[in-house]
Each structure stands twice: as C-alpha cells, then as structure tokens.
C-alpha cells in the first residue's frame with residue numbers, strides 16, 4: 001500500500017449509504033459554505049428533540065466564545081434514551097462484554113430505568129444538583145455509561161478521569177473541577193486478573209479536597225477500605241430508587257461535561273463541552289462517517305475516559321438509537337483473535353480502533369482474521385494518529401476483505417467529534433490520508449505567518465476557520481488559557497481562527513494529510529520535519545511493526561532523528577546493522593538524506609497509555625539521557641521504560 005493508491009467506495013455499499021457519492025458530499029459542503037447558519041439550523045431542527053426551540057443559530061459577538069442554538073432547551077440524556085422508547089424500547093442499547101467473556105445486553109427501556117435510578121440516587125442521597133461537578137473514575141462497565149447519562153439527566157457536569165491515571169492526576173482534576181462527588185468502582189478485571197481503583201481514589205482524597213461523598217460500584221468484589229460517612233455502596237443504595245426521574249430542562253449552552261487533556265505534568269486543562277451542539281455533532285458523525293443504520297451494531301474499542309469513548313461509545317450511538325458495544329478487556333487477550341471472535345459473535349458492523357492497536361494485532365496475529373466470520377463488517381475506522389500505509393493495507397485486505405471502507409478520522413478532544421474524514425459511501429480513499437473535511441466543517445491548512453491557504457505540498461497549520469457546534473467552549477475556570485491555547489497562533493483575514501496544533505499539507509486533489517504536531521517537529525540543520533512523516537516511511541519496511549521518532553540534540557545539526565523500532569520478529573534478522581541500513585535507505589529514497597536517522601534502537605515495545613497512545617515525551621527524555629520524572633504508572637506496561645533505557649546508549 002502507498003499514499004498514491006486510490007480506493008473507490010464499494011458501489012454496493014454506496015447505493016444505500018447516508019452520503020453515497022461525491023456529488024452528495026459537495027452539495028452538502030457547498031450548502032454549508034453558502035448558508036452556514038441555515039445548514040446548521042436545519043440539521044439541529046431535524047436531529048434534536050427540543051423542549052423549547054432555539055431563536056438564534058449562532059452568536060459570534062464575543063468570539064472566540066460563541067453560542068449555538070441560543071434560546072433552545074433540551075436534555076442530552078433524554079436525547080439518548082427517552083425519545084427512543086416508543087419505537088426502540090426492546091432494542092439493545094448497550095451490549096457489554098467483560099474481560100472474562102461475560103456478556104450483558106441492556107435494552108433502551110432497561111437503560112432508561114437504570115439511568116433514572118442512578119440519577120435519583122445522586123439527587124436524593126448525595127444532594128447533586130444542576131451545575132455540580134461529578135468526577136467519574138470507572139472501568140469500562142455499563143455503570144460508567146449510567147453515571148454519565150444520570151449526570152446529564154439532572155444537569156450535573158461530569159468529568160471522567162481515565163481509570164489508569166494515578167492518584168495525583170486524579171486529585172488534580174478533582175480540585176480543578178471543584179467536584180463534590182466521586183463515582184468509582186472497587187476495581188475491574190484485566191487479562192482475567194482483578195485490578196483496583198478504590199485505593200487510588202482513597203489516596204487522591206487524602207488531605208483537604210472538595211469531595212463530600214464517594215459512590216463505589218462493586219465490580220470485582222475485592223476487599224477495599226470504606227470510610228464511614230464518605231463512602232457508599234452503589235448496589236445497596238440503588239435498590240430503593242425509583243426508575244422514574246424527570247429530565248432537567250437545560251439550555252443549549254449549558255455545560256455537559258469536562259474532560260482534562262493535560263498529561264502528567266502541568267496544570268490540568270479542563271476542556272468544556274456544552275449540550276446541544278455537542279450531541280448534534282455526535283449523532284451526525286455517527287450517521288455520516290460510520291454510516292450506522294437501524295439494525296447495526298457498532299463497536300468502538302476506546303475507553304470512556306477519553307473523548308473517543310464519550311462521543312463514539314456513549315453519546316453518539318445512543319443519540320441516534322443505535323446498539324453500541326462496551327468492552328472491559330484488552331483486545332489482544334487472551335490472544336490476537338479476541339476482537340475478531342467478538343466481531344463474529346456480536347455481528348459487528350462498524351469497528352473503530354487506534355492505528356497502534358491495528359499494528360499490534362497485525363504483529364501478534366497476522367493470519368487471525370482468516371479464522372473468523374467477519375462478513376458482518378461494513379466500515380472500519382481508525383482514530384488517534386495517522387495510520388501508516390502498511391497497517392492500512394492489512395486492515396483493508398485481511399480484516400475488511402478488501403470490501404470495507406476505512407475511515408481514517410481526524411479530530412481532537414476539543415473538536416467533540418470528527419472534523420476531517422472519508423465518508424465510506426462517497427470518498428475515494430488514499431491510505432494514510434485523512435482526505436476531506438466532514439460536511440459543515442470549514443477546515444483549512446493555513447500559512448502561520450500570512451494566514452493564506454497553503455499551496456499543494458507545503459506543510460502549514462491545520463485550522464478550522466469557522467466555529468462549529470461541537471467545538472470546545474472554554475477551558476474550565478481559565479478563559480485566558482482557552483484563548484491563548486487555541487486562538488493565539490493563526491489569523492485569517494485579521495480574525496483569529498481555531499488552530500488544532502497539528503501540521504498538514506494538501507495534495508494535488510485537495511486531500512489533507514496530517515503531518516503531526518507542530519511541536520512534534522524535528523529541526524535538522526534548519527529543515528523542519530514532522531515525526532509522523534518519518535514514522536510513516538519507516539513503517540514501509542516489511543520488518544517493522546511499530547516505530548516512534550523523536551528529536552535528539554546534535555552538536556552540528558541542532559537536532560538529529562532518533563528512532564525507536566519494534567520489529568515484527570527478529571528471528572530472521574541476523575545483522576541489525578543491515579536492517580538499520582535498509583531503513584535509512586528507505587528514508588533516503590522517500591524523503592531524502594536529511595531525514596536519515598542518526599540513531600535507531602530496536603526495542604521490545606513502546607511506552608503507551610492503556611488507550612494505546614505512545615508517550616513520546618518519555619522517549620525524548622530517554623534519547624537525551626534525562627531522568628524520567630513523570631508518572632509512568634498509567635502506562636500499559638510501566639516496565640518497558642526501564643527496558644528501553646537499558647538498551648539506549650546516551
């Protein structure tokens with residue numbers, strides 16, 4: 001596979017697709033360009049059930065603090081549940097599969113009752129009311145979704161903290177949100193073994209905190225410490241709660257949730273998403289990008305602790321009345337056939353995961369997909385980083401049987417949903433290329449100095465030049481940081497526009513390829529190169545399973561390129577020096593001698609979060625010979641850091 005190949009949509013799929021041709025795509029995008037407020041206003045009326053209609057589509061009078069659908073009133077929990085009860089009450093809303101293979105199916109009627117009981121518990125026992133912040137520190141179990149929707153039902157603002165974060169990271173987020181309640185679990189299961197969450201919460205709440213009460217869902221039934229007057233059992237309290245709870249009437253711009261994006265260093269940055277615009281775009285992208293239909297079963301492998309889990313496990317699928325699968329475990333356990341066995345068992349129609357997961361599945365079980373019936377699959381998706389063409393090729397040919405479209409989605413926590421992506425029934429696809437903006441999104445690659453649109457082949461800044469309904473509304477408690485972080489770098493026609501922080505370039509067809517973070521740029525002898533571009537080329541070597549590239553200080557060049565490479569297998573590689581030479585030859589051919597690696601280290605794995613994100617900050621520190629000071633307890637395999645350090649000569 002290469003980026004130069006073009007794959008046309010499956011014509012049979014296109015016949016019934018929600019957007020079935022480029023003519024339909026262009027008509028939608030031209031409509032947005034020519035009548036922006038009319039475009040969004042019409043879809044808001046069509047897709048959402050309003051308690052009171054909005055009076056104004058878009059207010060930019062205080063930009064970049066914008067308002068969408070001003071005057072409108074609704075409730076996001078009701079959007080996701082109540083409006084489906086007349087026609088879908090017995091339909092599966094959530095299919096849960098546990099780490100150990102246990103399966104539970106929750107219908108829309110059961111979801112309604114469970115969420116209402118949870119909402120009544122929060123109101124009656126914990127005194128949670130509209131505007132209060134509730135931190136959710138949970139494993140991937142149905143109660144996590146119930147907690148989210150219960151908060152939305154009573155107007156509380158939830159802030160989910162990924163269950164792999166340390167007590168210090170959890171404490172920072174609790175304090176920044178000024179949360180009065182924490183919802184957690186005793187623990188959960190991972191690779192058939194119990195792991196604990198409640199002790200992390202206990203450590204986070206040592207000393208003075210704003211938290212008054214902790215609700216504990218008993219999942220793995222391991223012994224935990226209970227603090228009288230603060231800690232309460234979910235299973236005990238929920239027994240007496242009514243399954244009816246009236247949904248709070250919310251303004252369209254009332255906050256729905258906070259999600260913190262900073263890593264383990266620096267002050268957490270609470271991205272604030274509001275109600276109407278977010279839920280509208282979550283539903284629309286489900287329908288357009290994944291082409292989900294009434295009888296489909298959708299599986300996103302993310303965790304609800306990340307924005308992908310918010311939008312494409314809970315809110316997006318449920319808003320459109322789909323069936324969504326929640327998975328507690330690790331997709332490579334007990335072996336690399338696990339996801340394909342689940343696709344066969346649950347008849348999954350759309351499968352959405354990270355390129356890192358695809359590369360690992362390819363490495364661990366290249367032939368595993370052949371062992372299972374994957375004929376139910378219609379759309380394959382990727383999220384989190386650009387997917388390299390070799391991984392794309394395996395995903396397309398072996399998992400999708402060369403019939404399924406691959407939607408390589410580009411978006412961020414701050415965008416709420418997809419902003420650039422192929423549409424499976426319409427867009428001709430190029431491997432490793434994000435392709436075109438989703439209809440309604442005015443995304444442009446701009447020169448950071450002039451604000452003009454970048455020329456073909458030139459790397460510029462990936463920007464969105466008009467506000468959109470699902471965009472970040474502010475950084476919680478820090479409006480100045482919001483403006484500085486997202487609207488301080490690029491201006492178009494004298495007006496500050498949203499800058500994603502990523503570099504990108506156009507090709508001759510106007511397609512967009514993301515080249516990586518602009519702060520993930522290596523400056524070699526005055527030449528700036530995106531790490532993603534170098535990584536994509538290295539991945540073309542048939543022996544490479546994964547790669548991460550960072551910059552290392554160099555006395556002559558300023559910086560040189562340092563590559564950490566995981567090989568598919570080293571059984572047949574007798575001379576690593578020859579493999580280094582082969583990799584650098586590929587780089588020389590594809591990019592040029594300026595991009596050749598001064599350092600290539602073959603490692604057994606890369607430091608990743610449990611969601612699959614490669615922690616390049618750790619790799620930079622190792623390359624520079626610096627001490628690792630950040631918390632590595634949140635990594636999928638913390639021991640990998642010491643292994644890599646021992647292999648690097650600094």
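The values are calculated or read from the model by the stated rules, or taken from the named source; none is laboratory data. Just so we're clear, the structure is a prediction, and the values are computed from it rather than from any experiment. Because the Cβ atoms are built from the backbone with ideal geometry, glycine has one as well, and the counts that use them run over all protein chains shown.
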**Study point:** Check on residue 377, in contact with a helix residue (DSSP H, G or I) (Cβ under 9 Å, 6 or more places away or on another chain) and over 25 Å from residue 280 (Cβ atoms)
**Key:** yes
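Pick from 96, 69, 126, 118: which is surrounded by 16 or more Cβ atoms within 10 Å (Cβ to Cβ) and within 30 Å of residue 464 (Cα to Cα)? Lay out the reasoning, then the answer.
On the way: 96 fails: within 30 Å of residue 464 (Cα to Cα); 126 fails: within 30 Å of residue 464 (Cα to Cα); 118 fails: within 30 Å of residue 464 (Cα to Cα).
It is 69.
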Check your understanding: Of (1) under 30 Å from residue 45 (Cβ atoms); (2) assigned to a strand (DSSP E or B); (3) in contact (Cβ under 8 Å) with a residue 40 or more places away in the chain, residue 463 satisfies all except one. Which?
Key -> (3)
Check your understanding: Of all helices (runs of 4 or more DSSP H) completely enclosed by the stretch 1-75, which ones contain at least 2 residues that are farther than 27 Å from residue 434 by Cα?
Key -> 36-47
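Of all residues in the stretch 522-536, which are surrounded by fewer than 18 Cβ atoms within 10 Å (Cβ to Cβ), part of a strand (DSSP E or B) and touching a helix residue (DSSP H, G or I) at 6+ places or on another chain (Cβ under 8 Å)? Please lay out each step first, then the result.
Taking the stretch 522-536 and keeping what is surrounded by fewer than 18 Cβ atoms within 10 Å (Cβ to Cβ), we get 523, 525-528.
So of that shortlist, the ones also part of a strand (DSSP E or B) come out as 523, 527-528.
Within the stretch 522-536, just 527 meets the criteria.
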Study note, to complete from the structure: So the strands (runs of 3 or more DSSP E) completely within the stretch 537-650 holding 2 or more residues that are crowded, with 20+ Cβ neighbours inside 10 Å are 544-554, 558-567
Point to revise | Residue in the stretch 451-461 that is touching a strand residue (DSSP E or B) at 6+ places or on another chain (Cβ under 6 Å), under 30 Å from residue 336 (Cα atoms) and surrounded by fewer than 19 Cβ atoms within 10 Å (Cβ to Cβ) present | key: no
Review point. For residues in the stretch 579-617 being farther than 20 Å from residue 541 by Cα and touching a helix residue (DSSP H, G or I) at 6+ places or on another chain (Cβ under 6 Å), which is modelled with the highest pLDDT?
Key: 607
Study note, to complete from the structure: From the option list 202, 231, single residue qualifying as outside the structural domain of residue 608 (by TED's automatic domain parsing), over 25 Å from the mean Cα position of the chain (by Cα), modelled with pLDDT of 95 or more and closer than 30 Å to residue 618 by Cα is 202
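Condition check ((1) surrounded by 24 or more Cβ atoms within 10 Å (Cβ to Cβ); (2) without any contact (Cβ under 8 Å) to a residue 12 or more places away in the chain; (3) farther than 21 Å from residue 337 by Cα; (4) touching a helix residue (DSSP H, G or I) at 6+ places or on another chain (Cβ under 6 Å)) across all residues:
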residue	(1), (2), (3), (4)
388	yes, no, yes, yes
396	no, no, no, no
401	no, no, no, no
405	yes, no, yes, no
412	no, no, yes, no
415	yes, no, yes, no
418	yes, no, yes, yes
429	no, no, yes, no
434	yes, no, yes, no
Check your understanding: Counting only residues that are out of contact with any strand residue (DSSP E or B) (no Cβ under 9 Å at 6 or more places or on another chain) and modelled with pLDDT of 95 or more, how many does the stretch 375-393 have?
Key -> 1
Study note, to complete from the structure: In the set 62, 46, the lone residue that is within 30 Å of residue 484 (Cα to Cα) and free of Cβ contacts under 8 Å to residues at least 24 places away in the same chain is 62
Exercise for review: List the number of the failed condition for residue 519; all other conditions in (1) over 24 Å from residue 613 (Cβ atoms); (2) surrounded by fewer than 15 Cβ atoms within 10 Å (Cβ to Cβ) hold.
Suggested key: (1)
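Please go through the stretch 370-387 and pick out each residue that is in a loop (DSSP other than H, G, I, E, B) and under 20 Å from residue 609 (Cα atoms). Break it down stepwise before answering.
Let us first name the residues in the stretch 370-387 that are in a loop (DSSP other than H, G, I, E, B), namely 372-378, 383-387.
Result: 383, 384, 385, 386, 387.
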Practice item. Go through the stretch 187-224 residue by residue and tally those that are closer than 21 Å to residue 147 by Cα and in a strand (DSSP E or B). Key: 10
Check your understanding: Counting only residues that are assigned to a loop (DSSP other than H, G, I, E, B) and either within 21 Å of residue 274 (Cβ to Cβ) or without any contact (Cβ under 8 Å) to a residue 12 or more places away in the chain (or both), how many does the stretch 128-150 have?
Key -> 5
Review point. Could you list, in sequence order, the residues of the stretch 158-181 that are crowded, with 24+ Cβ neighbours inside 10 Å, at pLDDT 95 or above, outside any helix (DSSP H, G or I) and out of contact with any helix residue (DSSP H, G or I) (no Cβ under 6 Å at 6 or more places or on another chain)?
Key: 160, 179
